[in-house]
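S.K.: Before anything else, here's the structure in question.
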Amino acid sequence: MTPDEKKQAAAKAALEYVEVGTVIGIGTGSTANYFIDMLADIKHKVDGTVASSEASAARLKQHGIQVLDLNAVDGISVYVDGADESTQHLQLIKGGGGALTREKIVAAVAGKFVCIADESKLVDVLGKFPLPVEVIPMARGYVARRITKLGGNPIWRDGFVTDNGNIILDVHNLEILEPSKLETELNQITGVVTNGLFALRPADVLILGTDQGAKTMT
Ligand code: 5RP
């Protein structure tokens with residue numbers, strides 16, 4: 001199977017987690033896009049969706065799927081999204097698409113977080129994929145210096161602006177042995193909005209597309 005076929009297999013398996021008559025949280029990226037396209041076939045079964053990015057909201061609307069404001073809903077039953085890396089403990093790096101803050105908010109609200117990915121995303125230790133950090137623009141230099149002191153090499157994602165009007169620093173050269181600790185430390189730097197570690201709120205279910213089909217880990 002190609003990587004795209006593996007992403008599709010994972011997205012298809014996630015449809016089983018869609019609860020009829022509830023609001024579904026929708027992630028961002030190529031794997032989440034496959035899920036959106038498949039959700040279109042059963043859109044009449046859900047009460048609506050909350051999107052983690054403007055891009056996903058636009059794709060959902062193109063399919064005629066209702067997109068709701070998070071503040072207008074009582075809850076989200078399940079959140080389906082991709083990841084850049086996952087450990088076997090379902091702690092993640094996300095934010096390759098720059099949507100990490102809204103993704104973290106939707107994941108926090110959701111009763112269940114189902115992560116979908118091709119099997120190449122499963123790693124022993126997080127950090128080979130540069131860790132995205134969303135930063136208030138005026139704090140870019142200060143935050144970069146603080147991250148350098150922690151041992152990372154922050155690179156400004158030049159020309160990219162998040163849906164929240166902020167910038168992204170991609171932090172290279174990290175070997176993240178204590179994801180929850182680093183997630184907390186980075187979020188305590190003034191000027192950081194949030195970082196792409198999903199360790200304090202990991203996924204509840206990881207569905208990996210493999211050559212043998214979709215493999216589910218909990
Ligand atoms: C976007 C994300 C995505 O989930 C992550 O980048 C994975 O993307 P893809 O499914 O295209 O591999 O966190 O901010």
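S.K.: Select from the stretch 132-163 the residues that are touching a Ser or Thr at 6+ places or on another chain (Cβ under 9 Å), open to solvent by 60 Å² or more (accessible area, probe 1.4 Å) and in a helix (DSSP H, G or I) and list them in ascending order.
M.R.: Within the stretch 132-163, 142, 146 qualify.
S.K.: Going by what's in this entry, would residue 129 be described as open to solvent by 10 Å² or more (accessible area, probe 1.4 Å), within 12 Å of the ligand (Cβ to nearest atom) and not hydroxyl-bearing (Ser, Thr, Tyr)? Explain how you work it out, then say what you get.
M.R.: Numbers: open to solvent by 10 Å² or more (accessible area, probe 1.4 Å): yes; within 12 Å of the ligand (Cβ to nearest atom): yes; not hydroxyl-bearing (Ser, Thr, Tyr): yes.
For residue 129, the condition - open to solvent by 10 Å² or more (accessible area, probe 1.4 Å), within 12 Å of the ligand (Cβ to nearest atom) and not hydroxyl-bearing (Ser, Thr, Tyr) - is met.
S.K.: Right, another one. When the residues of the stretch 113-126 are narrowed to those that are surrounded by 14 or more Cβ atoms within 10 Å (Cβ to Cβ) and in a helix (DSSP H, G or I), which ends up farthest from the ligand (Cβ to nearest atom)? I'd like the intermediate steps shown before the answer.
M.R.: Of the stretch 113-126, the ones surrounded by 14 or more Cβ atoms within 10 Å (Cβ to Cβ) are 113-119, 121-123, 126.
So of that shortlist, the ones also in a helix (DSSP H, G or I) come out as 119, 121.
Working: 119: 12, 121: 7 Å.
For the stretch 113-126, the residue satisfying everything is 119.
S.K.: Do you know which of the residues in the stretch 197-209 that are surrounded by 15 or more Cβ atoms within 10 Å (Cβ to Cβ) and in contact with an Asp or Glu (Cβ under 7 Å, 6 or more places away or on another chain) is farthest from residue 85 (Cα to Cα)? Full working, then the answer.
M.R.: Here is the first cut: in the stretch 197-209, the residues surrounded by 15 or more Cβ atoms within 10 Å (Cβ to Cβ) are 197-199, 201-209.
Checking the rest, the ones that are also in contact with an Asp or Glu (Cβ under 7 Å, 6 or more places away or on another chain) come to 197, 199, 208-209.
Details: 197: 10, 199: 12, 208: 11, 209: 14 Å.
The residue in question is 209.
S.K.: Another question, if that's okay. Which of the residues that make up the stretch 1-33 are open to solvent by less than 50 Å² (accessible area, probe 1.4 Å), touching a helix residue (DSSP H, G or I) at 6+ places or on another chain (Cβ under 8 Å) and part of a helix (DSSP H, G or I)? Walk me through how you get there before you give the answer.
M.R.: Taking the stretch 1-33 first, the residues open to solvent by less than 50 Å² (accessible area, probe 1.4 Å) are 6-7, 9-11, 13-15, 18, 21-29, 31-33.
Still in the running and touching a helix residue (DSSP H, G or I) at 6+ places or on another chain (Cβ under 8 Å): 6-7, 10-11, 14-15, 18, 21, 24-28, 31-33.
6, 7, 10, 11, 14, 15, 31, 32, 33, listed by residue number.
S.K.: If you don't mind, another one. For the stretch 72-81, does any single residue satisfy the condition of being more than 8 Å from the ligand (Cβ to nearest atom), in contact with a Ser or Thr (Cβ under 8 Å, 6 or more places away or on another chain) and hydrophobic (A, V, I, L, M, F, W, C)?
M.R.: The answer is yes, given that some residue of the stretch 72-81 is more than 8 Å from the ligand (Cβ to nearest atom), in contact with a Ser or Thr (Cβ under 8 Å, 6 or more places away or on another chain) and hydrophobic (A, V, I, L, M, F, W, C).
S.K.: Out of the residues in the stretch 58-98 that are in contact (Cβ under 8 Å) with a residue 12 or more places away in the chain and assigned to a helix (DSSP H, G or I), which is nearest to residue 110 (Cα to Cα)?
M.R.: By that ranking, first place goes to 70.
S.K.: How many residues does the stretch 132-163 hold that are within 16 Å of the ligand (Cβ to nearest atom) and in contact with a helix residue (DSSP H, G or I) (Cβ under 8 Å, 6 or more places away or on another chain)?
M.R.: The qualifying residues number 6.
The values are calculated or read from the model by the stated rules, or taken from the named source; none is laboratory data. From a predicted model like this one, the values you see are computed outputs, not experimental measurements. Every residue, glycine as well, gets a Cβ built from its backbone with ideal geometry; the counts of neighbours run over all protein chains shown. Remember, those area values only see protein heavy atoms, side chains included, never the ligands or the DNA or RNA. Shrake-Rupley method; radii C 1.70, N 1.55, O 1.52, S 1.80 Å.
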